[in-house]
Amino acid sequence: MSAAATIMNIVKRDGTLVRYRCDRIESAIYKATHAIGKPSRKMSRAMAATVESALLSTYQGDAVPSVEDIQDVVENVLMANQHIDIARAYIIYRHQRAMTRAARAYTFEVTDNVPYKKIYEVLRWNMDHQCDSVTALNRIIARKELPDLIQATDRRYSDEAHAVAGRILEQLDDIRIVIIAGPSSSGKTTTMKKVGEKLQTAGVKFKAINIDHYFFDLEQHPRDEFGDYDYETPQALDLKLINTHLGQLLDGKTIRTPNYSFKEGRRTLDVHPFTLGKQELLLIDSLHGLYDNMSSGVPDESKFKVYIETLGQFRAADGTLMRWADNRMLRRMIRDKQFRHLQPMETLTHWHYVRRSELRHIIPFIKNADCIVNSALPYELPFLKHRLFRQIAAATNRFPDDPRRLDAHIRANRVYDFLKPLRGVRDASLVPGDSLLREFIGGSRYGY
């Protein structure tokens, strides 16, 4: 089977689709062989073919790999075939390309859907507080300075959320709806709570609507060969009903929102009565809050849009930065187990649906946001490790020979390698009740 017959397109970093080309994989591998002084077209071509076979086994039907996915597979294939030096050269090449994109974009707020200026601020904050690496964080834990870091981190995050509220107050005469959007487990709900607290202090009345209740029944979503449902796309929500209800609320009418049960995977229509007063703001937190069709019936000037992401700048001993998506996956593993009756392994194998939807339906809309909030907490990883490392370790050897689970295999091994040298922390009493981390580990003073 040829690549063109199955993999027609890939997803770029900006969310657009471009035609898949195996020769680009070959070229990148060749540059890595050249970098170590052993250029080999033959070997590069053979490894590219192996990568393509792995992709064909993993991404079938409507599945579309991202640039990130393909690069992960290249690294995995090179390592599996004992081309260690070439794999390292490829990783360095990949990192240099990322740095080149960053250097071109420091004067812009968002380029390639990445807020480089914001990331630089996060990096400087982490460096100033000596919590920018596994080694540094282990030192903080050993010195019993973690409570101080928690306090400083939570203060920084709260200040960002309160700054959002300040922006809203400045535009209060025009705004009717505040939308807090961002990828899975980025902390949208807690951020909405924090913003709401500040608005309430300023005497602003508001109500929050739960968009999760607008999910269609689970059985209506596409289902794969493993029995897993893809409910991560905007179309998993009843967008038509959402827009109808938003319009009615802004017209002063009373609606009855549905009720969705994550345990049963079913919704019931016309359950919760909901009315919005003339002087009240409507607060929405949703994965797809910035997706055009989510609120297309509401004029743009009536909306204030916030984008939230774990913009962590936290590195391993070798300088590798932890991926934002991996940070969020760990959060969701815990949340899914506690509140949605899913085991961590189920979240891991489902994650490719999450990433595919994020790249196409969430991240590209960051450009539409009025402001950006960083929800990464440098102190959270030791707590997440304590709760999940056993499951992550078990997952590293779960799918090595199953090409259909290649994404889960690569991701589990990457997270395992990153977390292994980090000291875990068991005592959750160190985490305040109003911390964003409580949204995932439980025990929050907020109601979710």
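The values are calculated or read from the model by the stated rules, or taken from the named source; none is laboratory data. Note that the coordinates shown come from a computational prediction; the quantities given were computed from them, not determined experimentally. Neighbour counts are summed over all protein chains in view; Cβ atoms, including those assigned to glycine, are modelled from backbone coordinates with ideal geometry.
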Quick test for you: out of 107, 135, pick the one residue that is modelled with pLDDT of 90 or more and surrounded by fewer than 17 Cβ atoms within 10 Å (Cβ to Cβ). 135
Residue count, region 367-381, condition buried (at least 21 other Cβ atoms within 10 Å of the Cβ) and assigned to a helix (DSSP H, G or I), comes to 2
I need the full set of residues from region 271-329 which are within 21 Å of residue 198 (Cα to Cα) and of a type in the set (S, T, N, Q), in order please. 279, 286, 302
In the set 423, 398, which member is at pLDDT below 95, out of contact with any Asp or Glu (no Cβ under 8 Å at 6 or more places or on another chain) and in the same structural domain as residue 145 (by TED's automatic domain parsing)? 398
Which residues, taken from region 147-171, are surrounded by 15 or more Cβ atoms within 10 Å (Cβ to Cβ) and not charged (D, E, K, R)? 149, 150, 152, 153, 157, 158, 161, 162, 164, 165, 168
Take residue 83 and decide whether it is modelled with pLDDT of 85 or more, crowded, with 19+ Cβ neighbours inside 10 Å and over 30 Å from residue 353 (Cβ atoms). yes
Within region 127-226, considering only helices (runs of 4 or more DSSP H) that don't extend past its boundaries, which have at least 3 residues that are among the acidic types (Asp, Glu)? 146-170
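Taking strands (runs of 3 or more DSSP E) that do not extend beyond region 266-343, which have at least 1 residues that are buried (at least 22 other Cβ atoms within 10 Å of the Cβ) and either among the charged types (D, E, K, R) or not assigned by TED's automatic domain parsing to the domain that holds residue 243 (or both)?
281-286, 303-309
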